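Quick note: the coordinates plus some simple rules give every number you see, no bench work behind them. Computed from a prediction, not measured in an experiment: that's the story for all the values here. Every residue, glycine among them, receives a Cβ derived from its backbone with ideal geometry; neighbour counts consider all protein chains shown.
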Amino acid sequence: MLRPACGVVLGILLVGGTGCAQEKSAPAEPRMQRGLPSAKVLRLHQLSVPSGARHVAYAQDDGWSSYGLALTFRVPERRLDGFLRAARVPKSALRQGYFLGDVATEQTGWKKRAGRSYVKGSSPGTRASAPRHDVTVDMTDRPREVTVYVTSVRG
């Protein structure tokens, strides 16, 4: 008796084969998760979250050629300087404006909101030697709090 080829593959599937007419699924897109990324991820990206930060969330993307991290948190403005120093983003280099790359916007849902006051800046890092940090800070609610948005790419 002839058996369909799919039945044979199904038998192999039970012992670890790929199955009949199955396609490899694409990796899931990273989505924002509440809380801190692992200490290992923060070390890899040479970032730290200031003490007293609230509403911390992140998305991680382990791409083919780089490792990406999107991180957001709210912090009292007095803690912003320390974060910027640690991220190698000179406060003197912050300029009015909003910058979050297309990938970060798609994966995180971050959007520029009308009527908000933003400043932006970047670290001088390179993908090979150190991660590059692009920072946008929503200054609207200062001095009480600011909202920090960071994207980091490490090659």
Once label points are set 7 Å from the Cα along Cα→Cβ at both Ser38 and Arg142, what is their separation, rounded to one decimal in nm? 3.5
Ser51 paired with Arg88, simple spin-label distance in nm, labels 7 Å along Cα-to-beta-carbon: 2.6
